[in-house]
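*Asks:* Got a structure here, written out as structure tokens. Questions coming.
The values are calculated or read from the model by the stated rules, or taken from the named source; none is laboratory data. Everything quoted here is computed from the prediction, not taken from an experiment. Cβ placement follows ideal geometry from the backbone for every residue including glycine, while neighbour counts extend to all protein chains displayed.
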Amino acid sequence: MAEHSNPSTPERGGNKVILDVNNISLSFGGVKALTDISFNVREHEIRAIIGPNGAGKSSMLNCINGVYTPQQGSITFRGQTFSHMSPRQVAEMGVARTFQNLALFKGMNVIDNIMSGRNLKMKSNLFLQALRIGPAAREEAEHREFVEHIIDFLEIQAFRKTPVGRLPYGLQKRVDLGRALAMEPSVLLLDEPMAGMNVEEKQDMCRFVLEVNEEFATTIVLIEHDMSVVMDISDRVVVLDYGKKIGDGTPDEVRQNPEVISAYLGTSH
Amino acid sequence: MGPFLETLIGGLMSGMLYSLVALGFVLIFKASGVFNFAQGAMVLFAALAMARFAEWFPALLGFDNKVLANVLAFVAAMAVMVAVAWLIERLVLSKLVNQEGITLLMATLGVTYFLDGFGQTLFGSEIYKIDIGLPKDPMFLFDKVFEGGLLVNKEDLYAAVIAAALVIALSAFFQYTSTGRALRAVADDHQAAQSIGIPLNRIWVIVWAVAGFVALVAGMIWGSKLGVQFSLSLVALKALPVVILGGLTSVPGAIIGGLVIGVGEKLSEVFIGPMLGGGIEIWFGYVLVLFVLLVRPQGLFGEKIIDRV
Amino acid sequence: MLTTFPRLMLDHAKARPDAAALREKSFGIWQTTTWAQLATLVRHLACGLAEAGLRRDDHVVVVGDNRPRLYATMLAVQSLGAVPIPLYQDAASTEFVFPINNADVGFAVVENQEQVDKLLEIRAQCPLLGRIWFDDPRGLRKYDEPGLASLDALIESGAARAAHDPGFFDAEVAKLQAADVATMFFTSGTTGNPKGVVHTHGSLLDRARAGAKFDKLTAHEEVLAYMPLAWVGQNTFSYAQWLACGYIVNCPESAATITIDLKEVGPTYYFAPPRIFEGLLTSVMIRMEDASRVKKWLFHTCMAVARRVGPARLDGKPVALLDRIKLALGDWAIYGPLRNSMGLSRVRVAYTAGEAIGPDLFTFFRSIGINLKQLYGSTETAVLVCLQPDNAVFADTVGVPIDGVEIKLTATGEILVKSAGLLKEYYKNPVATAEVLSKDGWYHTGDAGFIDATGQLKIIDRAKDIGRIMGGPNDGAMFAPKYVENKLKFFPHIKEAVVFGDKRSTVCAFINIDVEAVGNWAERRNLPYAGYTDLAQKPEVYALIRECIEKVNADLAGDNLLVGSQIHRFLILHKELDADDGEMTRTRKVKRGYINEKYQVLVEALYGGLSEQFIATAVKFEDGRSGSVSATLKLDDAKTFPAMKKAA
Amino acid sequence: MLYRENGQFKTSYAADQQIFPIAQDRIGILLLVAFAIIGVPLLADEYLFRAILIPFLILSLAAIGLNILVGYCGQISLGTGAFMAVGAYAAYNFFVRVDGMPVIVAILLGGVCSTLAGVVFGIPSLRIKGLYLAVATLAAQFFFDWAFLRINWFTNNSSSGTVSVADLSLFGIKIDGPLGKYYFCLGFVLVFALLAKNLVRGHIGREWMAMRDMDVAASVIGIRPVYAKLSAFAVSSFIVGVAGALWGFVHLGSWEPAAFNIDRSFQLLFMVIIGGLGSIMGSFFGAAFISVLPIFLSLVLPALGNVFGVTIGTALIAHTELMVFGGLIVFFLIVEPHGLARLWSIGKEKMRLWPFPH
């Protein structure tokens, strides 16, 4: 069924598959979180993963960026296939991610949180850093500048040096996004970026997601509860339910899919 | 053969005592997620109380009956320990609910210092004796079996027996009594326990009281063996590796861990020690644990740690 | 001799190439543009514009916040002998149509997507508008409109032109004469279409320099530019005087960070309309509300001392030793920190202009040692006509005529001005020009006022608004609506006021309460309310406002000129007057006539003596949607007082 | 109140990222350092140097080291004393076995050895967390206590088991008088404090704090737990080791393992808790507090005793000290988990906002 249908996305970058998830199964001590999930993500598209609570959406992301290691299955990224990757490897390959329940570094301010997303690109050794001379100092300044562009992009100039803990929820979500963007990812995984936001905050976040997708040509994999949002901005949607894939296709196709309707759209969300 | 068995038995017996103290740790950790570094201080405090009461009561009430004195002292000390435990729970830990383990550990470290200071201020800081009439003379086992038999210190033997009894009693208590069940429920999931109407605070106080009791018994035994003095509080440091080895959350773990380390350090002391210039029991337990942890981060019997995202 | 803006810019670039000309807070730090860099930028922009086909005397609209590259654009346009027209960046797109068509504008340089969108909206109505350049490309990647390009592209093409035709730019600048037109400002006239006020390099510079001389401005001043360049005031302070003196203009990062930026820059030369100062004071008071008792006590005692002797010290008048000590302590404990937190601790000269400022507000800033002064001037006179000299500052006057200004009063009390700084003309509007500019070179300000005992000019009102009371006890008495409105607005609880009474026997008023101030007031009396309209109709609020009005009446009764202008009846409007609804100008001046028509029924109700009146009004919301507000308004009476003749 | 920040705008990132971006702070800290270099020697007497200032400086250094591990990287350690010991004994051996070995080099080499030890005992931190780790570090404590006691080679086979160093000199200048020692330590402390500050505000510092605050998120943005944690252990134990060497060489002169026993570890832990986890400045506060408190008590308590007509013995003072420490730890953990440093920064914020509350 939907699994084999390949809806083409005329408006966004071709059909080149950048990320291919093959028959992933994951379980915690016998409890099955994911069962034989397969789907692919195309260059430059916005790919949504939806499903009721506990459908295994977050677990899926955690498999993709190496936080969990699936018992079975493999993930193909840019043609290379892996059955297990460390988060580091995934990060190095240009996959970034935001978290459902904020995972910011509470002890740091906005700049430092976003700066920490640059760590892969900062090379100077301990001694240079300790003396903060030459490359180390230059590095700090250069990456600070890059971070400032993100701050500007996310319109949080007024909060630069505020400890993230003191920011309202919506802004914290932006910082989380900012930290991910600091990695200049080619694929961006967003775990419920709009959860718990009010209407304006959602609109802003939507705008940012779309702008990221357009301005930086970033491929986006998005988990979201708010159906209207999903249907608006995503090119293709995967539907999970109890760890199984029950639908895959364009928003319209998914809307039609009876299984999906019964499992998800039927229930009030 | 003989020497080996003797050390083995010696080890098992001191291991029993480790288990006893370790049990104190485990109970509290299971129930409230607190790694109670102050256990050692409580042992010292209890022992001091016991020892001094045993001196004071006869003097005050003017009777001269060792047994009576000990019994009264024990009861009084028990009362004191329950009070102390309760205060620790109320004044310190209940203020630190939902903090990370480390914070709680440091808090109990603070408590340790306080108790050490407080105990010695109240009861004095010389070396005191506890004489609960444990026979000091040695005895020989299996002298029929082979030449010379095994030399065993009776005192140690009794101590071990008492300890074992207490350990079993406690395990049973938590296995079969309703309080025990409630406690295990709490250990599994605070929210859930609360939702089915288990009063967390009451449970915690009980657990701390029990811990106090355990401390008292341990203190009493150790005290009668080595005399009551500041160094007594170091038994906690002995018991730490035991707890970790067994896995913080496991009662059987604590028991077995205690025996393993008790035996281990005795054997190593006797058979490896000389090569290294002796005195290695100080660190043997720790280094042993270190290697175990590298293989099993959650200890021998601890529950696996999965961090969710 | 008088020169031109581009030449001044080049002179600075030659004299001190590496000195900072402009700073902009962007990407977290203050990015500096030196005079040399600016010169190159202008050169390239000019060449680029020339390439694009800009010719002498063409007009170019410039829309956006204060951005260095927009400043450079103004200079570039001028150096080609063409005329930049700065427009209000917060104006609705429809408001652009008239200026653009009136001045046959073919080119526009704007800040960002927002402005581009607005211009594209009205492209149909503005056939001539061929080319649009934008400074900030964000969000504009996918736009594919004919003639739309980025400023970078323009600069690039200009750089190329400059490369193979190096002499061009300098030649163009050399051609430029002081008498050539420099800039055109569209005054958002209170009635009818806006008029294009044409100024030459000469006129603007003459005033700029006179002002600079008056206040001894140097090249070391720091200025923060956050009002729109379309406002002649900002233009004078951060453009004309900037080039005249060569000081540094700082551009804030964004509207959201202005207070932070102000604090960082700490300008030495400051200029703002009263409402900005009002905002500062309000925030001080509100933040102080939550302070600890001790702090409050300290604050109030110090402020009491300041109010008593602070201004005197600032005016260099003798102050008793004890008070001097108190002030010194206050400086350390309160005034200094206050100035610092408002970003004004380095201010040497500050001006308020645009509208009248409340005496309390004015003295507050004076008393904590900020040299705040008033000035008089208008778009037509290039602002700087009368300024208050240091040490001679009053809340109710606007200063003395400065160098090169002659002032005289007509029989009706209208103020006439003559100076080298007067407008050249109203663009394509000889009639209007003739109305204000007499043959012998006098400009009719349209303001009524007089020179008072201290030799300073005192403004009563717009001459044309000065009306006469007809009938009733005060028949024939003078009616000065603006004067009265201002007196009302000086109360923190009153945001706007509109009074009627010309050719009537009595005076009536519409009031807009200040929802923040009154809101706090209500909360402190735990008076529940749902939004402005509800709050406005609370009887308690009416009582509050009536008090204010009666104070004003008492005050007016003391002034035998204006005793007839006392307010007899009033109402509190159900909605806030808003420029988007055409009730005010962009500079937040109420359009009395328009309001009079729009709310005819209310006016009639007031004079008809009714006690309440239903009204429904269409409104535009922030996001462009429009809806309607309706309510039944209470109409209320206010006590008036008999004229008390005071010994003149 | 004292802050006048208008006009202090930054035109470069370097200027914006400096340690003390606000001019008034820079002035303040310079004055403080100047006082430490010029003022203190004029005021302090020998007792003050020996009993308070020198120990204070060295302990602050150790606290900085520990704070990097516990406060910045969130890895608990109860074995600090051991790493000090390693530093001290290693330095000692370099100093006495290699003739012509300059003191400074010996001390730094001591730090290097301590680094190695730190990394070795840090390895468990890759597998185990929190409480388990705490116990693992205790292993280091007990192991080294034992090693330096029992393995004579370390003590250069000195019969008594105590080791001692004499006639320290720096570039030919003898460091014997209290003043010399003071300057010697002060030099170390200032330099290392600066280096440490640079590290924690650099990207390695951010990696440490990331591990501390949210390790999963940290690994997802590509931070390697191995590198982050071990580097923290390394840097931390280097500084601690140097402090240990100073403690032995400069403060004690001759010492035995007991000088670095578990109580020392706890004492340092208390310093960072009371001073402020995750704050270099806090390390100084903590050290000052904990090294002055005992002296304070030993002066005040007897006085108090006299007031109430009771004589207060040294034992009681010692016990009160224990109680006060214990009580304070609990107090700070409950009331202000970020210690004195947080109180300091709150005060500073208030000063900047003065007269406004927020």
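*Asks:* In region D:1-21, which residue that is without any contact (Cβ under 8 Å) to a residue 60 or more places away in the chain and among the hydrophobic types (A, V, I, L, M, F, W, C) is nearest to the other protein chains (Cβ to nearest Cβ)? Outline the logic, then answer.
*Replies:* In the first step, residues of region D:1-21 are kept if they are without any contact (Cβ under 8 Å) to a residue 60 or more places away in the chain; the result is D:4, D:6-16, D:18, D:20-21.
Going one step further and asking which of them are among the hydrophobic types (A, V, I, L, M, F, W, C), we end up with D:9, D:14-15, D:20.
Details: D:PHE9: 4, D:ALA14: 6, D:ALA15: 8, D:PHE20: 14 Å.
By that ranking, first place goes to D:PHE9.
*Asks:* In region D:160-176, how many residues are under 14 Å from D:VAL250 (Cβ atoms) and not hydrophobic (A, V, I, L, M, F, W, C)?
*Replies:* So the count comes out to 5.
*Asks:* Being hydrophobic (A, V, I, L, M, F, W, C) and part of a loop (DSSP other than H, G, I, E, B) is the filter here; which residues of region D:1-47 pass it?
*Replies:* Result: D:MET1, D:LEU2, D:PHE9, D:ILE19, D:PHE20, D:ILE22, D:ALA44.
*Asks:* Restrict the check to region D:177-189 and report whether at least one residue is in contact (Cβ under 8 Å) with a residue 24 or more places away in the chain, part of a helix (DSSP H, G or I), closer than 21 Å to D:ALA243 by Cβ and within 14 Å of another protein chain (Cβ to nearest Cβ).
*Replies:* Looking through region D:177-189, none of the residues is in contact (Cβ under 8 Å) with a residue 24 or more places away in the chain, part of a helix (DSSP H, G or I), closer than 21 Å to D:ALA243 by Cβ and within 14 Å of another protein chain (Cβ to nearest Cβ).
*Asks:* Identify, by number, the condition in (1) of a type in the set (A, V, I, L, M); (2) surrounded by 18 or more Cβ atoms within 10 Å (Cβ to Cβ); (3) under 25 Å from D:VAL200 (Cβ atoms) that D:ALA90 doesn't meet.
*Replies:* (3)
*Asks:* Go over the candidates C:ALA631, C:ALA643, C:ALA605, C:ALA554 one by one and state the one that is assigned to a loop (DSSP other than H, G, I, E, B) and surrounded by 13 or more Cβ atoms within 10 Å (Cβ to Cβ). Explain how you work it out, then say what you get.
*Replies:* Details: C:ALA631 fails: assigned to a loop (DSSP other than H, G, I, E, B); C:ALA605 fails: assigned to a loop (DSSP other than H, G, I, E, B); C:ALA554 fails: assigned to a loop (DSSP other than H, G, I, E, B).
Exactly one of C:ALA631, C:ALA643, C:ALA605, C:ALA554 is assigned to a loop (DSSP other than H, G, I, E, B) and surrounded by 13 or more Cβ atoms within 10 Å (Cβ to Cβ), namely C:ALA643.
*Asks:* Return the residues of region C:281-302 that are surrounded by 15 or more Cβ atoms within 10 Å (Cβ to Cβ), farther than 23 Å from C:ALA328 by Cα and not hydroxyl-bearing (Ser, Thr, Tyr); say none if nothing qualifies.
*Replies:* C:ARG287
*Asks:* Report whether or not D:VAL272 is out of contact with any Cys (no Cβ under 7 Å at 6 or more places or on another chain), of a type in the set (A, V, I, L, M, F, W, C) and either surrounded by fewer than 24 Cβ atoms within 10 Å (Cβ to Cβ) or modelled with pLDDT of 95 or more (or both).
*Replies:* Values: out of contact with any Cys (no Cβ under 7 Å at 6 or more places or on another chain): yes; of a type in the set (A, V, I, L, M, F, W, C): yes; either surrounded by fewer than 24 Cβ atoms within 10 Å (Cβ to Cβ) or modelled with pLDDT of 95 or more (or both): no.
Here the answer is no, as D:VAL272 does not meet what is asked.
*Asks:* Turning to a different aspect of this structure: Can you name the residue in region D:93-127 that is among the β-branched types (Val, Ile, Thr), surrounded by fewer than 23 Cβ atoms within 10 Å (Cβ to Cβ) and under 22 Å from D:TRP146 (Cβ atoms) and is also farthest from the chain's Cα centre (by Cα) among such residues?
*Replies:* D:VAL96
*Asks:* Having 3 or more residues that are away from chain D (no Cβ under 13 Å), touching a strand residue (DSSP E or B) at 6+ places or on another chain (Cβ under 7 Å) and at negative phi is the bar; report the helices (runs of 4 or more DSSP H) wholly within region B:1-112 that clear it. Give the steps one after another, and end with the answer.
*Replies:* Details: elements: B:2-32, B:39-57, B:66-87.
In region B:1-112, the matching helices (runs of 4 or more DSSP H) lie at B:2-32, B:39-57.
*Asks:* So which residues in region D:161-180 are closer than 22 Å to D:PHE83 by Cα and either surrounded by 18 or more Cβ atoms within 10 Å (Cβ to Cβ) or out of contact with any strand residue (DSSP E or B) (no Cβ under 7 Å at 6 or more places or on another chain) (or both), if there are any at all?
*Replies:* Initial filter on region D:161-180 (closer than 22 Å to D:PHE83 by Cα): D:161-165.
Once the filter is applied, which keeps residues that are closer than 22 Å to D:PHE83 by Cα and either surrounded by 18 or more Cβ atoms within 10 Å (Cβ to Cβ) or out of contact with any strand residue (DSSP E or B) (no Cβ under 7 Å at 6 or more places or on another chain) (or both), region D:161-180 yields D:GLY161, D:VAL163, D:VAL165.
*Asks:* Pull up region C:226-251, narrow it to residues that are at pLDDT below 95 and under 22 Å from C:SER341 (Cβ atoms), then point me to the one that is farthest from the chain's Cα centre (by Cα).
*Replies:* That would be C:TYR226.
*Asks:* For region C:185-194, which positions are surrounded by fewer than 24 Cβ atoms within 10 Å (Cβ to Cβ) and either modelled with pLDDT of 95 or more or assigned to a strand (DSSP E or B) (or both)?
*Replies:* Within region C:185-194, the first condition is being surrounded by fewer than 24 Cβ atoms within 10 Å (Cβ to Cβ), and the residues that meet it are C:187-194.
Of everything in region C:185-194, just one residue is surrounded by fewer than 24 Cβ atoms within 10 Å (Cβ to Cβ) and either modelled with pLDDT of 95 or more or assigned to a strand (DSSP E or B) (or both), namely C:THR187.
*Asks:* Further question: Determine if region A:44-61 includes at least one residue that is within 9 Å of chain D (Cβ to nearest Cβ) and hydrophobic (A, V, I, L, M, F, W, C). So that I can check it myself, show each step before the final result.
*Replies:* Here is the first cut: in region A:44-61, the residues within 9 Å of chain D (Cβ to nearest Cβ) are none.
No: region A:44-61 contains no residue that is within 9 Å of chain D (Cβ to nearest Cβ) and hydrophobic (A, V, I, L, M, F, W, C).
*Asks:* Now a separate question. Look through region C:13-46, keep the residues that are touching a strand residue (DSSP E or B) at 6+ places or on another chain (Cβ under 7 Å) and part of a helix (DSSP H, G or I), and return whichever of them is farthest from C:GLY246 (Cα to Cα).
*Replies:* Result: C:LEU38.
*Asks:* Determine, yes or no, whether C:ALA208 is in contact (Cβ under 8 Å) with a residue 60 or more places away in the chain, crowded, with 21+ Cβ neighbours inside 10 Å, in a helix (DSSP H, G or I) and of a type outside the set (Ser, Thr, Tyr). Break it down stepwise before answering.
*Replies:* Working: in contact (Cβ under 8 Å) with a residue 60 or more places away in the chain: yes; crowded, with 21+ Cβ neighbours inside 10 Å: yes; in a helix (DSSP H, G or I): yes; of a type outside the set (Ser, Thr, Tyr): yes.
In short, yes.
*Asks:* Right, something else. Kindly indicate whether A:ARG166 is in contact with a Gly (Cβ under 8 Å, 6 or more places away or on another chain), surrounded by fewer than 23 Cβ atoms within 10 Å (Cβ to Cβ), farther than 17 Å from A:LEU190 by Cβ and within 12 Å of chain D (Cβ to nearest Cβ). It would help to see each step written out before you state the result.
*Replies:* On the way: in contact with a Gly (Cβ under 8 Å, 6 or more places away or on another chain): no; surrounded by fewer than 23 Cβ atoms within 10 Å (Cβ to Cβ): yes; farther than 17 Å from A:LEU190 by Cβ: yes; within 12 Å of chain D (Cβ to nearest Cβ): yes.
Criteria not met by A:ARG166.
*Asks:* May I ask you to list pairs of residues, at least six apart or on different chains, whose Cβ atoms are under 9 Å apart, with the first in region B:117-130 being closer than 21 Å to B:LYS66 by Cβ and within 9 Å of chain D (Cβ to nearest Cβ) and the second being surrounded by fewer than 18 Cβ atoms within 10 Å (Cβ to Cβ) and modelled with pLDDT of 90 or more?
*Replies:* Matching pairs, first to second residue: none at all.
*Asks:* Anything in region A:133-172 that is within 22 Å of A:GLU215 (Cα to Cα) and among the hydrophobic types (A, V, I, L, M, F, W, C)? List them, or say none.
*Replies:* A:PHE146, A:VAL147, A:ILE150, A:ILE151, A:PHE153, A:LEU154, A:ILE156, A:LEU171 - these are the residues of region A:133-172 that are within 22 Å of A:GLU215 (Cα to Cα) and among the hydrophobic types (A, V, I, L, M, F, W, C).
*Asks:* Kindly check whether there is at least one residue in region C:142-161 that is of a type in the set (Lys, Arg), free of Cβ contacts under 8 Å to residues at least 40 places away in the same chain and in the same structural domain as C:LEU243 (by TED's automatic domain parsing).
*Replies:* Within region C:142-161, the subset of a type in the set (Lys, Arg) is C:142, C:161.
Pick out the ones that are also free of Cβ contacts under 8 Å to residues at least 40 places away in the same chain and you get C:142.
Keeping just the survivors that are in the same structural domain as C:LEU243 (by TED's automatic domain parsing) gives C:142.
Within region C:142-161, one or more residues are of a type in the set (Lys, Arg), free of Cβ contacts under 8 Å to residues at least 40 places away in the same chain and in the same structural domain as C:LEU243 (by TED's automatic domain parsing).
*Asks:* Suppose we keep only residues that are out of contact with any helix residue (DSSP H, G or I) (no Cβ under 7 Å at 6 or more places or on another chain) and modelled with pLDDT of 85 or more within region D:116-131. Which one would you say is nearest to the other protein chains (Cβ to nearest Cβ)?
*Replies:* If we filter region D:116-131 for residues that are out of contact with any helix residue (DSSP H, G or I) (no Cβ under 7 Å at 6 or more places or on another chain), which is where we start, we get D:116, D:120, D:123, D:129.
After this cut, where a residue has to be modelled with pLDDT of 85 or more as well, the list is D:116, D:120, D:123.
Numbers: D:LEU116: 15, D:VAL120: 10, D:ILE123: 8 Å.
The qualifying residue nearest to the other protein chains (Cβ to nearest Cβ) is D:ILE123.
*Asks:* Is there any pair with a first residue in region C:365-376 that is among the acidic types (Asp, Glu) and a second that is modelled with pLDDT of 95 or more whose Cβ atoms are under 9 Å apart and which are 6 or more apart or on different chains, and what are they?
*Replies:* Close Cβ pairs satisfying both conditions: none exist.
*Asks:* Here is a further query. Counting only residues that are more than 7 Å from chain D (Cβ to nearest Cβ) and not in a loop (DSSP other than H, G, I, E, B), which one in region B:289-305 is nearest to D:ALA139 (Cα to Cα)? It would help to see each step written out before you state the result.
*Replies:* Start the filter on region B:289-305 by keeping residues that are more than 7 Å from chain D (Cβ to nearest Cβ), which leaves B:291-292, B:295-296, B:298-305.
Then drop every residue that is not not in a loop (DSSP other than H, G, I, E, B), which leaves B:291-292, B:295.
On the way: B:PHE291: 11, B:VAL292: 13, B:VAL295: 16 Å.
If we take residues in region B:289-305 being more than 7 Å from chain D (Cβ to nearest Cβ) and not in a loop (DSSP other than H, G, I, E, B), then B:PHE291 is nearest to D:ALA139 (Cα to Cα).
*Asks:* Looking at region B:273-283, is at least one residue closer than 24 Å to D:ASP145 by Cα and surrounded by 24 or more Cβ atoms within 10 Å (Cβ to Cβ)? It would help to see each step written out before you state the result.
*Replies:* Kept after step one, since they are closer than 24 Å to D:ASP145 by Cα, are these residues of region B:273-283: B:273-283.
Subsequent filtering for residues that are surrounded by 24 or more Cβ atoms within 10 Å (Cβ to Cβ) retains none.
For region B:273-283, residues closer than 24 Å to D:ASP145 by Cα and surrounded by 24 or more Cβ atoms within 10 Å (Cβ to Cβ): absent.
*Asks:* Filter region A:103-162 for residues that are among the acidic types (Asp, Glu) and closer than 23 Å to C:THR259 by Cβ; which is nearest to the other protein chains (Cβ to nearest Cβ)? Break it down into steps so the answer makes sense when it comes.
*Replies:* Within region A:103-162, the first condition is being among the acidic types (Asp, Glu), and the residues that meet it are A:112, A:139-140, A:142, A:145, A:148, A:152, A:155.
Among the residues that remain, those that are also closer than 23 Å to C:THR259 by Cβ are: A:148, A:152, A:155.
Values: A:GLU148: 4, A:ASP152: 6, A:GLU155: 8 Å.
This residue is A:GLU148.
Quick grid of which residues meet (1) closer than 27 Å to D:TRP146 by Cα; (2) at pLDDT 85 or above; (3) within 14 Å of another protein chain (Cβ to nearest Cβ):
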position	(1), (2), (3)
B:ARG184	no, no, no
B:ASP189	no, no, no
B:SER195	no, no, no
B:LEU216	no, yes, no
B:VAL287	yes, yes, yes
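*Asks:* Let me ask another. Give D:ALA147, D:ALA134 a once-over and let me know the one that is within 14 Å of chain B (Cβ to nearest Cβ), farther than 20 Å from D:VAL250 by Cβ, part of a helix (DSSP H, G or I) and touching a residue at least 24 places away in the same chain (Cβ under 8 Å). Write out each step before concluding.
*Replies:* Working: D:ALA147 fails: touching a residue at least 24 places away in the same chain (Cβ under 8 Å).
Unique residue meeting the criteria: D:ALA134.
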